[in-house]
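The block underneath contains the structure these notes are about, expressed in structure tokens.
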Amino acid sequence: MAVYKRYHIHTEEALPRVAPVGKFDIVRAENCVNCGTCIRSCVYGVHKRDEKDGRSMAEPLSHLCKNCFRCLMECPQRALSMSPGKVYNSLGIGVWSPQRVFTMWNEAQSGKIPVFGAGYRGRFSGPGFDGMWTDMSEIVRPTRDGIHGREYISTSMSLGRKLRYLEFDQQGRLQTAVPHVIELPLPMVLDATRLGLTDESLKGMVSAAAHIGTFILVPVEKTGLFRGEEQQFIVPVLLGGTLELSLPESTRMVEIRRSPGWESLMRHVKSARPDVLVSVRLNAGKDVESEVLQIAKAGADIVHLDFGEDGKEAGNDGRWARDALRSIHTNLVRNGHRDQITILAGGGIAAAEHVPKSIICGADCIVLEKALKVALGCHACPDCKMTCPADLKTAPSDWVEKRVTNMVGAWRDQLLEVMGAMGIREVRRLRGEQGRAIFYEDAERDAFAGITAAERSG
Amino acid sequence: MNDDLCDTEPNPHVPSQRLKAVSRNAVIRNEASCISCGLCESLCPYGVHRRIEGHVHLLPPYEGKCIGPECAKNDFYCVNRCPTRSLSVKPNVTFTSLGDFRWTSEMILSTWKIAETGQPLPLDHPANMGRSGGGFDTLAFKIPAAKGNPDPDRFSTSIELNRRKEGPRLKIGIPVYGGGMSYGSVSLKVMTARAIVAKQWNTLTCTGEGGYPDALVPYSDHVVTQVATGLFGVKEETIQRAPMVEFKYAQGAKPGLGGHLLYEKNTPMVAKMRQAVPYTSLFSPFPFHSVYSVEDHKKHLDWIHSINPRALLSVKVSTPNDVEMVAVGSYYAGANIVHLDGGYGGTGAAPEIAKKNIAQPIEYAISKVHKFLEKEGIRGDVTLIASGGIRNAMDVAKAIALGADGVVIGTAELVAIGCVRCANCESGRGCPRGIATTDPQLEVQNETEVMVRRVSNLYNAWRLQWCDLLNRFGMDDITQLRGRTDLLRRVPEGVAQ
């Protein structure tokens with residue numbers, strides 16, 4: 001008898017490998033008289049005496065500071081000052097805000113959901129996914145005792161084509177060829193094709209994918225690094241137009257580019273390996289709705305929509321992923337092809353909330369790319385500088401595995417929080433549920449229509 | 001007209017504890033070149049420079065009183081007059097580390113200031129708006145010019161909480177009452193101070209979900225008993241002594257997720273009050289296990305009504321997509337007060353993902369529910385209370401103009417007491433400033449008496465601001481402001497009013 005086993009991602013703390021970055025810089029001025037009042041006033045241990053000379057104070061450990069201002073207020077000399085952390089403020093760019101990068105580091109370190117006191121501190125709304133709120137339900141709840149309670153919230157999803165109907169002959173025998181689907185335990189896959197990782201880091205990420213039980217996209221030339229169990233979690237990405245078919249026996253899915261000749265390449269793969277799902281990678285941009293429809297009609301199992309890491313379509317007038325996904329999803333539904341294709345969406349996925357929000361807008365599954373590097377301590381600089389502040393080149397594989405597993409684990413738990421609040425017990429049901437979200441434009445119109453706008457001045 | 005405010009003699013100024021360390025401007029005196037001549041002391045009319053009698057050196061500059069580099073136009077500008085050029089004035093870097101988009105550094109500082117003086121802010125003061133770029137921060141009143149100095153006694157700021165035809169009347173003196181902050185999430189001193197202020201201002205405060213400490217019994221006519229999903233500390237007598245019972249279905253900051261007190265804050269005293277085991281994490285589950293329909297909800301309200309027929313019933317809900325249906329359902333089930341708690345409200349501990357992303361901001365919900373109740377023809381029988389991200393007097397007025405009858409606040413009271421919004425209420429022993437903690441070593445930082453004065457001053461300043469606003473609009477009662485969206489305008493981000 002099969003033993004019921006609840007899916008759970010085991011996490012284990014993985015401390016940063018480089019000096020931690022603080023949100024605030026504490027500076028002790030010259031007029032400090034080393035009285036030590038700050039040692040007593042700080043509950044976080046920022047202030048200590050110099051280890052070598054107990055008569056003077058050591059440099060403040062700014063990264064431990066939590067912005068409570070107590071030492072500043074109690075210092076009799078007013079010798080202490082606080083400023084927003086210089087390094088912290090320089091983290092990331094665009095949707096990769098310092099706050100998000102910092103949050104991902106903490107998630108990758110602890111594997112836990114970020115929990116804090118006080119209310120929301122950020123902007124009211126914003127472009128893209130920041131301009132939507134997910135619904136909640138006052139009394140309907142799938143689980144009665146927290147998200148890890150007795151009733152299970154499933155995050156499983158299926159990759160592959162689903163049939164709209166089955167056909168039987170007169171004897172009642174099934175006539176339709178039932179397409180192959182693959183079930184993943186969570187709607188997130190990893191993409192390591194463009195991260196420029198060392199082989200050591202790549203090994204760590206593949207181990208993380210195997211540990212979590214999801215797929216990782218890997219350039220085909222690197223797939224030779226892996227043997228045994230882990231192979232089944234690897235999705236070779238065929239960047240060229242042709243293929244010498246030497247896919248390992250355990251390969252379950254491949255990805256090809258939507259470049260000239262992709263259809264024959266897909267047919268080639270499918271005829272050689274009917275058990276392998278084919279994903280077609282497409283840069284989201286102009287006319288993406290009709291391109292996705294075309295790919296679905298051509299018989300691809302999966303389309304991998306690639307948005308920019310700024311969270312938008314390519315091109316100057318590219319839409320935000322939020323709007324593009326809604327339109328793509330709606331277009332497929334309207335044409336009766338929505339379940340004939342699985343949508344993977346990636347790019348600009350910089351926070352846990354982007355997972356449920358992308359799914360509500362119409363994606364089946366999310367592709368994590370840059371976030372994986374940030375999990376390793378990457379500062380999300382606009383360009384990789386000569387000296388990497390996170391020293392990614394020397395990251396050992398077991399540490400990489402822990403960090404990536406922790407972040408994905410924390411993100412899955414946050415997906416559960418959002419689904420729990422909505423009263424949805426299966427992530428498949430979340431897909432395209434645009435009625436269970438509140439979109440900025442609609443809410444503004446409903447609430448504030450009739451309130452006149454002030455003339456813009458200056 | 002002011003009979004509803006029973007005991008509101010102005011509170012004397014309280015000593016400034018907070019403004020000394022965090023100020024807009026840094027005044028730096030070069031000790032090496034200063035000759036302690038004391039000219040600056042005699043020049044500065046604001047009291048930045050002081051010397052204790054008999055001392056040689058001057059005290060460190062009291063920067064909170066400095067008006068900044070704009071003082072350069074005055075002939076008493078210390079920087080220009082100092083004979084040894086030892087003084088400089090510049091924006092304070094520390095000031096930029098305080099606050100956030102919603103509670104800007106300006107707003108926190110101004111709240112501290114009015115908590116110390118009881119004096120109102122001008123209606124066009126920059127601290128009346130945050131920098132969040134939406135909601136209240138892009139709504140402003142079309143404020144007409146002031147018509148003389150209003151006499152505050154001429155204006156009524158009271159609201160009736162029971163607008164149904166039957167049942168006891170309960171009028172509060174200001175359109176604000178205190179939200180639920182439990183024993184455990186805040187200290188007993190804070191709870192007591194809030195209750196004393198509630199009595200002074202003839203309004204209410206709420207126990208939150210952590211039991212009803214005996215210290216609050218003397219103020220029981222002003223203390224709402226909260227019944228939340230964990231039922232912590234809810235007993236027959238705590239319901240019987242309350243003028244109003246609040247059912248907490250959900251909390252805006254963590255809608256649909258239930259409450260959470262981390263184990264370190266569950267001290268033996270807290271545990272005793274909650275009838276729980278000390279140092280275990282306490283979850284208040286979601287939702288009420290006994291409520292899965294409006295009928296179940298009505299059964300709940302009937303149950304409270306049978307225990308205490310004199311209590312008004314308030315239903316606190318979050319702001320889902322269908323918030324207007326929830327409000328209507330609550331009304332028909334028997335609620336006197338529908339209390340909407342928006343997504344951006346405060347909390348002692350909540351997952352970050354919930355605060356921004358789950359359920360809508362209160363500004364949207366007020367408008368939606370107000371319009372829907374009007375359409376249903378029951379607006380006149382419901383008291384609509386809004387909370388969740390209401391930070392200052394102008395936010396209160398805007399919420400009322402959008403359609404609420406009154407508001408509930410929590411964070412603003414804590415900021416008045418001295419909270420810096422560092423957001424570490426949940427961690428370890430709790431608040432390093434001794435507010436949101438029951439740790440004896442931390443909570444000694446705040447004296448009940450001082451907290452009472454600070455919160456009372458806050459209300460005093462707020463009330464004067466509302467009077468100013470009503471006077472300009474030619475109104476004399478705050479209830480006349482309700483639903484007057486025509487008095488509002490949308491402003492681009494960063495415009496004060």
Tally of residues being open to solvent by 20 Å² or more (accessible area, probe 1.4 Å), assigned to a loop (DSSP other than H, G, I, E, B) and modelled with pLDDT of 85 or more across segment A:214-247: 1
The one condition in (1) open to solvent by less than 10 Å² (accessible area, probe 1.4 Å); (2) in contact with a His (Cβ under 7 Å, 6 or more places away or on another chain) that A:VAL427 fails to fulfil: (2)
Top-ranked residue in segment B:471-495 [being open to solvent by 30 Å² or more (accessible area, probe 1.4 Å) and within 16 Å of B:LEU123 (Cβ to Cβ); ranked as nearest to the other protein chains (Cβ to nearest Cβ)]: B:ARG489
Near pairs, Cβ below 6 angstrom, 6+ apart or cross-chain, from segment A:197-216 (over 22 Å from A:SER158 (Cα atoms)) to any residue that is open to solvent by 20 Å² or more (accessible area, probe 1.4 Å) and modelled with pLDDT of 95 or more: A:GLU200/A:SER397; A:LYS203/A:SER397; A:GLY204/A:SER397; A:GLY204/A:GLU401
In segment A:197-234, the residues that are among the aromatic types (Phe, Trp, Tyr) and closer than 15 Å to A:PRO187 by Cα: A:PHE215, A:PHE233
Top-ranked residue of segment A:398-407 - restricted to ones that are touching an Asp or Glu at 6+ places or on another chain (Cβ under 9 Å) and among the aliphatic types (A, V, I, L, M), ranked as surrounded by the fewest Cβ atoms within 10 Å (Cβ to Cβ): A:VAL400
Among the residues listed as A:ILE93, A:ILE113, the single one being at the interface with chain B (Cβ under 10 Å from one of its Cβ atoms), of a type in the set (A, V, I, L, M, F, W, C), open to solvent by 30 Å² or more (accessible area, probe 1.4 Å) and under 26 Å from the mean Cα position of the chain (by Cα): A:ILE113
Residues of segment B:245-275 classified as of a type in the set (Lys, Arg), closer than 13 Å to B:GLY430 by Cβ and surrounded by fewer than 24 Cβ atoms within 10 Å (Cβ to Cβ), total: 0
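In segment B:258-270, what count of residues is obtained for those that are over 23 Å from the mean Cα position of the chain (by Cα) and touching a residue at least 40 places away in the same chain (Cβ under 8 Å)? Please lay out each step first, then the result.
Step one: of segment B:258-270, the residues over 23 Å from the mean Cα position of the chain (by Cα) are B:262-264, B:266-270.
After this cut, where a residue has to be touching a residue at least 40 places away in the same chain (Cβ under 8 Å) as well, the list is B:262, B:264, B:266-267, B:269-270.
Number of matching residues: 6.
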Pairs where the first residue, in segment B:119-148, is more than 9 Å from chain A (Cβ to nearest Cβ) and over 20 Å from B:THR104 (Cβ atoms) and the second is assigned to a loop (DSSP other than H, G, I, E, B) and not hydrophobic (A, V, I, L, M, F, W, C), C-beta under 8 Å, 6+ apart: B:ILE143/B:ASP124; B:ILE143/B:GLN497; B:LYS147/B:GLY474
Matching residues in segment B:377-424 - criterion: being over 19 Å from B:GLY178 (Cα atoms) and either free of Cβ contacts under 8 Å to residues at least 24 places away in the same chain or among the basic types (Lys, Arg) (or both): B:GLY377, B:ARG379, B:CYS422, B:ALA423, B:ASN424
Members of segment B:210-228 found to be of a type outside the set (A, V, I, L, M) and open to solvent by less than 20 Å² (accessible area, probe 1.4 Å), listed by number: B:GLY210, B:GLY211, B:TYR212, B:PRO213, B:THR225, B:GLN226
Single residue of A:SER158, A:SER137 found to be hydroxyl-bearing (Ser, Thr, Tyr), at pLDDT below 95, in contact with a helix residue (DSSP H, G or I) (Cβ under 9 Å, 6 or more places away or on another chain) and closer than 28 Å to A:TYR4 by Cβ: A:SER137
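Among A:CYS32, A:CYS68, A:CYS38, which is within 13 Å of another protein chain (Cβ to nearest Cβ), surrounded by 20 or more Cβ atoms within 10 Å (Cβ to Cβ) and part of a loop (DSSP other than H, G, I, E, B)?
It is A:CYS68.
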Total residues in segment B:354-387, condition within 9 Å of chain A (Cβ to nearest Cβ) and either open to solvent by 10 Å² or more (accessible area, probe 1.4 Å) or hydrophobic (A, V, I, L, M, F, W, C) (or both): 8
Subset tally (residues that are among the basic types (Lys, Arg) and modelled with pLDDT under 90) for segment B:236-271: 2
Qualifying residues in segment B:140-179 (those that are assigned to a strand (DSSP E or B) and open to solvent by 30 Å² or more (accessible area, probe 1.4 Å)) - the one farthest from B:ALA399 (Cα to Cα): B:LYS171
Hits in segment B:421-470 (condition: closer than 20 Å to B:GLY210 by Cα, part of a helix (DSSP H, G or I) and open to solvent by less than 30 Å² (accessible area, probe 1.4 Å)): B:LEU442
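Could you grab me the full set of residues in segment A:265-281 that are closer than 23 Å to A:GLY348 by Cβ and open to solvent by 10 Å² or more (accessible area, probe 1.4 Å)? Before the answer, list the steps.
Our first condition is that a residue be closer than 23 Å to A:GLY348 by Cβ; within segment A:265-281, this holds for A:279-281.
The one that is closer than 23 Å to A:GLY348 by Cβ and open to solvent by 10 Å² or more (accessible area, probe 1.4 Å): A:ARG281.
The values are calculated or read from the model by the stated rules, or taken from the named source; none is laboratory data. Only a predicted model underlies this, so the values are computations on that prediction, with no experimental measurement involved. Reconstructed Cβ throughout: ideal geometry from the backbone, glycine too, with neighbour counts over all protein chains shown. For accessibility, only protein heavy atoms count, side chains too; no ligands or nucleic acids. Shrake-Rupley method; radii C 1.70, N 1.55, O 1.52, S 1.80 Å.
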